[in-house]
């Protein structure tokens, strides 16, 4: 067994290889010990899972581990969205939450995500402590845990369904009356946890919708449960071929990411959705505060922030950093290019359900398609075109990468480098306003190349120069 390592969103592994019941018990015991060291063990822990194989079994095994440590487990009785677990942590004043999810990863993966009492993804100091405790005992731990029924009878395990309280809270944050005027909406929970969350508020109000992929399938229809353009061809076809559909709303496997289709079936990049919602929330909703974006996310957001005179907070990749700023009440909205966002007054965690309904509200109240709204915004702040590529490294290039990235040229893509940002990877800001970012994967020989420019032709030049720099 390799060492337990928490990435940007928890510890993940392949089922039956690294991700086994024994290793999960070790990780959950480390979480229990960390909670006890913090003195919060009397507050209980919310435990849930997404729709992957054996998810509920992992939840029950973890509840037994917590019971053995004398910590009460609030056990979600069905698969539960990641933002709903965050909401329930805060609502109950719990010590934290343990979520079995691999988010948008393929079905052979599962993962453990820990959120402390503040409701957002655990910060590095917390996950580092969990890693240290787990790796000190992995392969040698010998624990005994009470049977599930005994723990339930003793009150250390309590079954809960947080759906009703989460949806009631959502009623206060979304203008569903406005959405009623939108017309037919298409929904796609991608066989994941948003079943009964995306559709229920619309069904309850008689708002017309059509829905696909809303049954349990741990294989996720043969695609990773990621609502990106490449993985939702059936949804794109549905919207494109039905002229009555005004908007397509999709979520990933654990409902913390969103995917938006315009009325013509065209996919709208998450970067642009975050910028549109920032403008909408300030201009129409009159919310006050700044905006946070990861280092890899579009500077269209910066342009919108400048228009409204609000600050921009640039963070490393990982929603925990944005969640921390939400807790400090500094933001109107925070988002990442990987389709995660939350807003002022909501949970400090990505929420794809909230994002979908915010977009529906915006389109309904503005009376324009998403593309029309985007073109209007471009007319006000300028055009931004964004792209991401994965660059596969040979063994030789992987060895050379570390030295290469520390000695970037003074000029690239025919333009001088104005600034270098190294808060997460290496980001080159060019004098013409374009930029590129290099981020090395921690698990495979891949460099993620992000780029942005004012038009497609310039972006092609920027991306070509980035590829040449890394691969030559």
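What follows is calculated from the coordinates using simple rules that are stated; it is not laboratory data. None of the values given here were measured: they were computed from a predicted structure. For neighbour counting, all protein chains shown are included, and Cβ atoms are generated from backbone atoms with ideal geometry for every residue, glycine included.
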Given R₀ = 45 Å, FRET efficiency for residue 416-residue 123 by Cβ-Cβ distance, to 0.05? 0.80
Average Cα contact separation per residue, the chain, under 8 Å, 6 or more apart, as relative contact order %: 12
Here FRET efficiency (C-beta to C-beta, residue 5 to residue 167, R₀ 35 Å, nearest 0.05) is 0.50
Among beta bridges that DSSP assigns inside the chain, antiparallel share in %, nearest 5: 60
At a 10 Å Cβ-Cβ cut-off, how would you order 54, 436, fewest neighbours first? 54, 436
Stretchable slack from residue 444 to residue 405, in nm (0.36 nm times residue separation minus alpha-carbon distance): 12.3 nm
Point-to-point label distance, residue 205-residue 234, nm (Cα→Cβ direction, 7 Å offset): 2.8
Additional length obtainable on full extension of the chain from residue 215 to residue 456, 0.36 nm per residue less Cα span: 82.8 nm
Taking only C-alpha pairs under 8 Å that are 6+ residues apart, what is the relative contact order of segment 288-385 in percent? 27
Counting just the Cα atoms, what span does segment 205-344 cover along each of its three principal axes? Round to the nearest Å and put the largest first. 41, 31, 29
Mind sorting 450, 219 by how few other Cβ atoms lie within 10 Å of their own Cβ, fewest first? 219, 450
The simple spin-label model distance between residue 429 and residue 308, using points 7 Å out along Cα→Cβ, in nm, is 2.1
Cα convex hull of segment 385-471: mean projected area in nm², to one decimal? 5.1
Given the C-alpha centroids of segment 239-269 and segment 107-177, what is the distance between them in whole angstrom? 30
Just to be sure I understand, if you calculate Rg and Dmax of the Cα atoms in Å for this structure, which of (i) 23.4, 77; (ii) 25.0, 97; (iii) 22.3, 70 do you get? (iii)
Taking 0.36 nm per residue of sequence separation and subtracting the Cα-Cα distance, how much length would be gained by fully extending the chain between residue 136 and residue 392, in nm to one decimal? 88.8 nm
Based on a Kirkwood Rh over C-alpha pairs, give the Stokes-Einstein translational diffusion coefficient of segment 11-162 at 20 °C and viscosity 1.002 mPa s in µm²/s. 143
For Cα pairs less than 8 Å apart in space and 6+ apart in sequence, what is the mean separation divided by the residue count of segment 11-162, i.e. the relative contact order in percent? 32
At R0 = 51 Å the Cβ-Cβ FRET efficiency linking residue 468 and residue 144, nearest 0.05, sits at 0.30
Classify segment 104-256 as rounded, prolate or oblate from the Cα gyration tensor: take a ≥ b ≥ c as the square roots of its eigenvalues, call it rounded if a/c is under 1.5, otherwise prolate when a/b beats b/c and oblate if not. prolate
